[in-house]
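Below: the structure, in structure tokens.
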Amino acid sequence: MTAASRLSEQGYTYAYLDEQTKRMIRRALLKAVAIPGYQVPFGSREMPMPYGWGTGGVQVTAAIIGPSDVLKVIDQGADDTTNAVSIRKFFAATAEVATTTATERASIVQTRHRVPETPLQEGQILVLQVPIPEPLRWLEARESETRKMHALEEYGVMHVSLYEDLARFGRIAKTYDYPVLVEGRYLMRPSPIPKFDNPKLDKSPALMLFGAGRERRIYALPPYTRVESLAFEDHPFEVETWEQCCALCGATDSFLDEVIMDDRGGRMFTCSDTDYCNQRQAAQGKPNPDTLGGKA
Amino acid sequence: MYVAVKGGEKAIDNAHAWLKALRRGDPSVPDLGLEQIGQQLALAVDRVMTEGSLYDRDLAALAIKQARGDLIEAIFLLRAYRTTLPRFGVSEPLDTARMSLKRRISATFKDLPGGQLLGPTFDYTHRLLDFTLAAEGEMPAPAPESEPQDEGPVPRVADLLGDQGLIERSAADSGEAAAEAPVSDITRDSLRLPAERDLRLQMLARGDEGFLLALAYSTQRGYGNNHPFAGEIRCGQVAVAFTPEELGFEIEIGEIEVTECQMVNQFAGSDEAPPQFTRGYGLSFGQSERKAMSMALVDRALRAAELGEESSAPANDAEFVLYHCDNVQATGFTEHLKLPHYVDFQSELTLLRRLRAEFFAKRTQAEEKEAAE
């Protein structure tokens with residue numbers, strides 16, 4: 001017996017959320033798609049995992065998923081990190097969907113902190129888990145104020161903050177959650193993806209949905225939306241680079257995680273996107289440890 | 001080497017199996033029954049029901065057992081279950097004047113209609129560890145019983161004051177319109193600011209006891225003082241009535257135990273309002289007295305601005321209080337720091353190494369320049 005039948009026997013609905021709640025979330029999603037980058041308040045529910053652990057993303061996925069979907073869940077780019085495993089198991093049990101680790105096979109990719117290296121295609125949906133949706137939050141703690149600032153397009157403080165970085169460090173010191181301007185209107189927090197991933201948001205053919213459960217906000221980037229990382233003319237936006245390549249697949253174009261090997265300073269760099277790395281290794285004739293696929 | 005981050009699935013299963021075994025503990029020790037928790041840890045059950053926003057003693061006891069006595073975890077379990085339940089509607093307002101009382105005290109009047117009823121309380125016990133409980137505990141002698149007094153409703157202190165106009169009217173008795181206004185529901189909508197009192201009270205009712213206790217305490221120590229008196233604290237069974245749409249009349253669907261606290265606070269009056277006392281209100285499930293009192297103090301503190309008082313203390317700040325009082329949200333986000341953050345940390349590492357390289361390059365340059373001169 002799978003966990004799936006046990007949950008439905010216990011009276012839980014498909015994909016956990018009741019239909020009224022899903023409808024409410026879909027309405028919020030439609031509004032979010034209609035106003036790219038605008039944070040839509042929604043009646044976020046308690047989920048059976050803690051706030052701050054992906055409840056926003058889980059609710060968005062629960063509202064859009066169907067039995068024919070193929071779901072991929074990653075955390076830090078990896079399919080096998082504990083929280084990704086936990087969320088994937090949750091949907092395998094409650095929504096009875098097929099799961100995969102292959103980015104190109106997935107119809108929905110739920111992610112925390114990364115955008116996959118494999119370019120997303122039309123028809124795919126990327127669901128991002130968002131801890132703090134408000135890009136101005138560290139500059140203004142009050143929600144009542146920041147909502148006004150968005151309404152008035154009053155984003156000067158953010159530019160000043162970036163300029164202060166330039167004055168102090170000679171460069172912009174934001175490395176993740178790097179602020180973007182959506183279609184020239186709304187300042188948006190891309191969730192804490194590294195700025196390395198910011199260019200992947202720009203004019204992406206895939207639909208991108210952002211869910212913040214605890215803060216009760218949903219926002220979206222419809223396909224082919226213009227997403228511009230803030231910068232200055234004389235200090236253009238740039239992404240992280242590494243002197244090393246991936247020690248496993250040799251990639252020079254992916255985001256690398258540093259793995260500490262011993263206590264004498266030994267370390268290696270490997271792709272944070274495990275699917276990308278595995279596929280490259282397979283192409284090089286190395287064994288591919290993709291163990292998922294099919295109904296979990 | 002790289003296997004360190006692999007095998008998450010197996011690690012999770014194994015960890016959960018270990019947790020289950022630890023929860024049960026030594027199998028030679030009898031298993032804890034839900035009835036035992038419900039009866040003998042009744043105040044833990046009360047707190048879990050209050051902050052879990054679900055009145056169900058058995059489920060709360062189950063949650064406490066499953067959570068190994070971690071009450072915030074139990075509250076979370078109950079909340080997550082609660083969201084899956086259908087919502088039929090809103091009950092009629094509880095009439096706490098008709099409560100069958102277990103306890104009722106007033107700190108503002110020595111005697112009053114209905115009398116003072118101490119009830120089962122820790123107050124005035126000497127906090128000495130009772131070692132007879134450890135030695136398998138003998139059955140306590142039955143508590144002395146007295147003849148029940150006449151059954152009539154016991155008026156609330158706030159109503160007694162209200163009859164003389166000495167205390168402000170609350171929204172519900174200031175006219176039909178207020179009573180008929182739809183009640184917001186914090187479990188269905190996101191919090192919008194400024195929040196009306198109905199929303200604020202809902203959030204405080206499910207707010208963390210410890211957080212509200214500290215805030216309430218801060219108002220007494222000078223951070224937003226509002227000169228409170230415990231007008232009345234009452235605890236007992238009260239009937240819940242519901243009007244189903246298809247019937248069109250009120251039916252009683254059960255009884256719940258609640259604790260209600262009405263704080264009476266000074267108010268000097270203003271140009272528009274005559275001097276009169278103001279209210280702070282607290283309500284909790286079961287006998288959660290500390291929570292009800294804290295809630296009443298914070299409720300009143302959040303009304304400072306509306307009453308034209310100074311409102312610069314933390315407990316006066318609705319956005320601060322309401323956004324941070326929910327312990328399910330707070331514990332989730334605080335503990336999410338346990339989740340992997342390799343990617344963000346790597347970005348920071350990369351930047352830090354660059355900044356350090358630039359720093360040392362600049363210093364070397366300066367030293368070389370100095371040496372050359």
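The values are calculated or read from the model by the stated rules, or taken from the named source; none is laboratory data. Computed from a prediction, not measured in an experiment: that's the story for all the values here. Counting neighbours? That spans all protein chains shown, and the Cβs are built from the backbone with ideal geometry, glycine included. These accessible areas exclude ligands, DNA and RNA; they are computed on the full protein's heavy atoms, side chains included. Shrake-Rupley method; radii C 1.70, N 1.55, O 1.52, S 1.80 Å.
Please pick out the residue among A:D262, A:D253 that is open to solvent by 10 Å² or more (accessible area, probe 1.4 Å), assigned to a loop (DSSP other than H, G, I, E, B) and free of Cβ contacts under 8 Å to residues at least 12 places away in the same chain.
Details: A:D253 fails: free of Cβ contacts under 8 Å to residues at least 12 places away in the same chain.
On inspection, the qualifying residue turns out to be A:D262.
Out of the stretch B:46-86, which residues are in contact with a Gly (Cβ under 7 Å, 6 or more places away or on another chain) and within 11 Å of chain A (Cβ to nearest Cβ)? Of everything in the stretch B:46-86, those that are in contact with a Gly (Cβ under 7 Å, 6 or more places away or on another chain) and within 11 Å of chain A (Cβ to nearest Cβ) turn out to be B:I75, B:L78, B:R79, B:R82. Checked against the criterion of being touching a residue at least 24 places away in the same chain (Cβ under 8 Å) and under 30 Å from B:V321 (Cα atoms), the stretch A:89-112 has at least one qualifying residue.
Being under 21 Å from B:G207 (Cα atoms) and of a type outside the set (A, V, I, L, M, F, W, C) is the filter here; which residues of the stretch B:72-86 pass it? Let's see the steps before the verdict.
Applying the first criterion (under 21 Å from B:G207 (Cα atoms)) to the stretch B:72-86 yields B:72-85.
Result: B:E73, B:R79, B:Y81, B:R82, B:T83, B:T84.
A count restricted to the stretch B:328-362 and to residues that are in contact with a Ser or Thr (Cβ under 8 Å, 6 or more places away or on another chain), open to solvent by less than 80 Å² (accessible area, probe 1.4 Å) and part of a helix (DSSP H, G or I) stands at 8. Among the conditions (1) β-branched (V, I, T); (2) under 18 Å from the mean Cα position of the chain (by Cα); (3) loosely packed, with under 13 Cβ neighbours inside 10 Å, B:V29 misses just one, which is (2). For the stretch A:265-290, a residue qualifies if it is assigned to a loop (DSSP other than H, G, I, E, B), modelled with pLDDT of 90 or more, open to solvent by less than 70 Å² (accessible area, probe 1.4 Å) and not small (G, A, S), and exactly one does: A:D273. With respect to the conditions (1) out of contact with any helix residue (DSSP H, G or I) (no Cβ under 8 Å at 6 or more places or on another chain); (2) charged (D, E, K, R); (3) within 24 Å of B:L77 (Cα to Cα); (4) open to solvent by less than 50 Å² (accessible area, probe 1.4 Å), A:D69 falls short on a single one, namely (3). Within the stretch B:188-225, the set of residues being open to solvent by 20 Å² or more (accessible area, probe 1.4 Å), within 14 Å of another protein chain (Cβ to nearest Cβ), closer than 12 Å to B:M295 by Cα and assigned to a helix (DSSP H, G or I) comprises just one member, B:Q202.
I want to confirm something. Restricting to the stretch A:228-243 and keeping residues that are within 14 Å of another protein chain (Cβ to nearest Cβ) and more than 20 Å from A:V182 (Cβ to Cβ), which single residue is surrounded by the fewest Cβ atoms within 10 Å (Cβ to Cβ)? Looking at the filtered set, the residue picked out is A:E243.
Within the stretch A:95-122, track down each residue that is hydroxyl-bearing (S, T, Y) and open to solvent by 10 Å² or more (accessible area, probe 1.4 Å).
Taking the stretch A:95-122 and keeping what is hydroxyl-bearing (S, T, Y), we get A:99-101, A:103, A:107, A:111, A:118.
A:T101, A:S107, A:T118 - these are the residues of the stretch A:95-122 that are hydroxyl-bearing (S, T, Y) and open to solvent by 10 Å² or more (accessible area, probe 1.4 Å).
In this structure, does A:R171 turn out to be open to solvent by 30 Å² or more (accessible area, probe 1.4 Å) and more than 17 Å from A:Y38 (Cα to Cα)? In short, yes. All conditions in (1) surrounded by 11 or more Cβ atoms within 10 Å (Cβ to Cβ); (2) more than 22 Å from B:Q329 (Cα to Cα); (3) within 14 Å of chain A (Cβ to nearest Cβ); (4) modelled with pLDDT of 90 or more hold for B:H16, with the sole exception of (1). Filtering the stretch A:193-217 to residues that are within 14 Å of chain B (Cβ to nearest Cβ), open to solvent by less than 20 Å² (accessible area, probe 1.4 Å) and either without any contact (Cβ under 8 Å) to a residue 24 or more places away in the chain or out of contact with any Pro (no Cβ under 8 Å at 6 or more places or on another chain) (or both) leaves A:I193, A:P194, A:G211, A:G213.
Return yes or no: is B:A273 at pLDDT 90 or above, surrounded by fewer than 21 Cβ atoms within 10 Å (Cβ to Cβ) and either assigned to a helix (DSSP H, G or I) or more than 9 Å from chain A (Cβ to nearest Cβ) (or both)? So B:A273 fails the test.
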